[in-house]
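Heads up: the structure comes next, in structure tokens.
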Amino acid sequence: MAAFIMVGCEDMPRVPEPADDTAQLFASIEGSYRIGVDDRVQIAVWRNPELSVTAPVRPDGKISVPIIGDVEAGGHTPSEVAEIIKKRLSEYIRDPNVAVILTELRSHEFLSRVRVTGAVRTPRSMPHRQGMTVLDAVLEAGGVNDFASPNRTKLYRKVKDKTNVFEVDLGDILKKGRLETNYQLRPGDVVTVPERLF
């Protein structure tokens, strides 16, 4: 996951966040990502380039590492896998320095998507991108259709076992430029634009 440093952006308007504890939750998830099947990891062993490899996580949750063979990676964090490899390599190398780096996050592709449903031109499931807002997602879905009731739009966000629902005044965002409810989206969010009542 890339880190970005913004310079000279003090005057830029901040994108609103729904008032809940989601920001803290996602910060903790990012710091403890658990490797899954189809993810790709790079194993770097300092001063031992012949042991440094990039490997996919197999359906059995394991990766293959030179000299030591199969290592259980599925369900572990990168730092936990690095410790497992370090311990097993220490039988062959003195004080190995091991780093495990995620190069491709494929296992959580569907968990990290954003979905736009309801009265939009093209209902979509799209990859979440950092900084994406409700407006970005709706525009990517082709905008609202002729039957939409945009000011009744809802943002659904699952946190643990609870689904939080936020009101989005999409009509005000589109027509009046009022961005108070143009919330920044999180992986797994669903934006639903209802049809108007006739």
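The values are calculated or read from the model by the stated rules, or taken from the named source; none is laboratory data. All values derive from a computational prediction rather than experimental measurement. When we count neighbours, we look across all protein chains shown, and the Cβ atoms used for this are built from the backbone with ideal geometry, even at glycine.
Note on segment 45-83: residues that are of a type in the set (A, V, I, L, M, F, W, C), surrounded by 17 or more Cβ atoms within 10 Å (Cβ to Cβ) and closer than 15 Å to Asn97 by Cα total 5.
Restricting attention to segment 103-122, the residues being surrounded by fewer than 18 Cβ atoms within 10 Å (Cβ to Cβ) and over 20 Å from the mean Cα position of the chain (by Cα) number 2. For segment 165-181, name all the residues that are surrounded by 11 or more Cβ atoms within 10 Å (Cβ to Cβ), in contact (Cβ under 8 Å) with a residue 60 or more places away in the chain and either outside the structural domain of Ala148 (by TED's automatic domain parsing) or in a loop (DSSP other than H, G, I, E, B) (or both). Correct list: Leu179, Thr181.
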